[in-house]
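Structure first, then comments.
Here, each number is a calculation from the coordinates, and none is a lab measurement. Computed from a prediction, not measured in an experiment: that's the story for all the values here. FYI the Cβ positions are ideal-geometry reconstructions off the backbone, even for glycines, and counts take in every protein chain you see.
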Amino acid sequence: MSAAPPPREEDAPGADRESACRQRLVRVMMQVLWPAFLMAIVTEGVLFSMIDPHELAIVGMYLSGSREAAYTVGFLVFWALFACSSGITCLLGHGMRGPPGDRHS
């Protein structure tokens, strides 16, 4: 007598639901992070085309006067701010249920 193989993880009843939740999370993360990334690029380009990082006192105090460090920190700060903005917009627009078209009920 051969024993039946153990059920695979994909065959578990909650696997489809976990997969759908994971796909929804990835979609929402991309809807939040990608526009924030693009806006951080534009904002950093506009800001640092008008202001030299060496003119900022905070660069001299914390970043050892490095322009590249100022550009990097500025980009990451702008990306975080725009990601928060996009995330709040997504949350207010869709609530906790996710974007439209995700309803599997």
* What FRET efficiency do you get for residue 58 and residue 31 if R0 is 30 Å and r is their Cβ-Cβ distance, rounded to the nearest 0.05? -> 0.40
* Asked: In units of 2.2 N^0.38 Å, what is the alpha-carbon radius of gyration of segment 35-82?
  -> 1.10
